[in-house]
1. Please report the equivalent ellipsoid semi-axes of region 364-477, computed as sqrt(5 x eigenvalue) of the Cα gyration tensor, largest first, in whole Å.
2. Quickly estimate the mean residue ellipticity at 222 nm for the chain, helices only: each DSSP H run with n ≥ 4 gives -39500 (n - 2.57), and the total goes over all residues, rounded to 500.
3. Given a 1.4 angstrom probe, what's the average accessible area per residue across region 35-133, in square angstrom?
4. Mind checking which lysines have their C-alpha under 26 Å from LYS375, skipping anything on the same chain fewer than 8 residues away?
5. Average the reciprocal distances over every distinct pair of alpha-carbons in region 308-373, invert the result, and give the Kirkwood radius in Å.
6. When only C-alpha pairs under 8 Å and at least 6 residues apart count, what is the relative contact order of region 331-420, in percent?
7. Note the listed values [x] 915; [y] 155; [z] 166, then indicate which one is volume of the Cα convex hull per residue in Å³ calculated from this particular structure.
8. In the chain, carbon and sulfur make up what percent of the accessible area (probe 1.4 Å)?
Amino acid sequence: MNYGVILNVLGGLLRFLGAIMIVPLLVAIYYGDPLAPFLVAVIITGMTGILLSRFNRSTEEWKIREGFAIVAFGWLAAAFFGSIPFMLDGISPVNSFFESMSGFTTTGATILVDIEAHSKSILFWRSMTQWIGGMGIIMLFIAILPKLGVAGRQLFRAEAPGPTEDKIKPRIRETAKILWMVYVFISLIEVVVLMLVGLSLYDAVTHTFSTMACGGFSPYSESIAVFGSPLVEGVITFFMLIAGANFALHYRTMYTDCCCLVKDDEFKFYAFVLILATSILAFDLWKDMGETALNAFRYSAFQVVSITTTTGFATVDFNLWADSAKMVLLVVMFIGGCAGSTSGGIKVVRILLLLKYAKRALFKSIHPRAVKPIKFNNRTVPEDVMQAIVSFVVIYFMIFALSTIILSLLGMDLITSITASIATLGNIGPGFGLVGPMANFDVVPLAGKLLLIANMWIGRLEIFTVIVMLTPEFWKR
């Protein structure tokens, strides 16, 4: 393990993060908010980055192990230094780290009891952390820093969400740049559309940050319900749906094949899941809870898309819904969005391939000698990819179960323990019980918050990037 290289790259990342913090500093100047939280954060983060790079100038070639370490510790460092403005705003260190980690990992689980009591610049930074983390802070780092060169491939593989990497260009840096350009372009469109339907520039930008990142932070305690506008909900629903799809497909749809999305097996299954879950939930709200047909569809469509894409916005307190309605949302919590999107969860492609794997197992039980490859987009899926998917899901549920048990032992009720675990591991945000959409995670004990911070970190990096570092072989030279 080349520690000098790791520290050198982390130094560059922190310098970059310090420069980004100038943006909320400018927002603080504009609104007349206290400048100290961001001035101090910029200085500390930037100086730490400069010192790390200056005393660790190793130029040796680095491989996959260094890539895993840089990505894992890079996200930890971003969350730690990103928490400085929160700490200087009077929030406790653990709560600040929780909020920052929730932001960068696009989880959207908050510990803020009174959101509106905080300054506009702090809430702007809170939403901005999600937008940076949505496409990936390491991905942005790769796109902007030319000197990473071929080594950026190791970072891309360690951070990119999904069972396989989806390169648009042969060079990873070009792929990262294109994905970020598409991300910025669609974000700008959403800002304009939200302003056209009545939101202020501040509200449009902060909610775009959270929507495009599938994050869910809002500057308001009531989330999207504060606007009481079906038009605003419709716009955000549409952009959540886009953010939950593969951004490489968005690029190809715009530049190579306009039918690329509808031809993709994963997107078709993604649309099927959303339509099916929305229909079941709408019927339940209409039949058993007395909602009008229009409101039933309005609430169900928004919440299904919000939870499936792991955004976590809310237009109603679904914690008050019947158990049958909450069960629909609990199921889609585990699914998540598409690979290559900004969403969390297990990912649609893994669920689809597991279903095909199970179907093949049933077929081979009847025809044991048959050779039946698993196909995805008319291509055979290698067996090692299928093994990796099965391993991922097994470990995912093991972490979920262990997290649930620990939270229960800490005194949390079962519903809160289950949904807090999946909401953080899947980077969803709100759960049920004490951590419902109109509540917060401040009720979780200190040890529980540290556990959920780890869940968010592990879940955002697709488990293997973090878990592999727990093996002794990883640290051997």
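The values are calculated or read from the model by the stated rules, or taken from the named source; none is laboratory data. Because the structure is a prediction, the values reported are computed rather than measured. To get the accessible areas, we keep the full protein, side chains included, count just its heavy atoms, and leave off ligands, DNA and RNA. Shrake-Rupley method; radii C 1.70, N 1.55, O 1.52, S 1.80 Å.
1. Values: eigenvalues 235, 73, 33 Å².
Whole-Å semi-axes of the equivalent ellipsoid: 34, 19, 13.
2. Values: 23 runs with 312 residues, N = 477.
That comes out to -21000 deg cm²/dmol.
3. Numbers: 3650 Å² over 99 residues.
Spelled out: the 1.4 Å probe surface of region 35-133, per residue, equals 37 Å².
4. Output for LYS375: LYS167, LYS169, LYS263, LYS268, LYS347, LYS356, LYS359, LYS364.
5. Working: mean 1/r = 0.0701 Å⁻¹.
Result for region 308-373 stands at 14.3 Å.
6. Relative contact order comes out at 17 percent.
7. Among [x] 915; [y] 155; [z] 166, the one calculated here is [y].
8. Values: 13370 of 19560 Å².
About 68 percent, which is the carbon plus sulfur part of the accessible surface.
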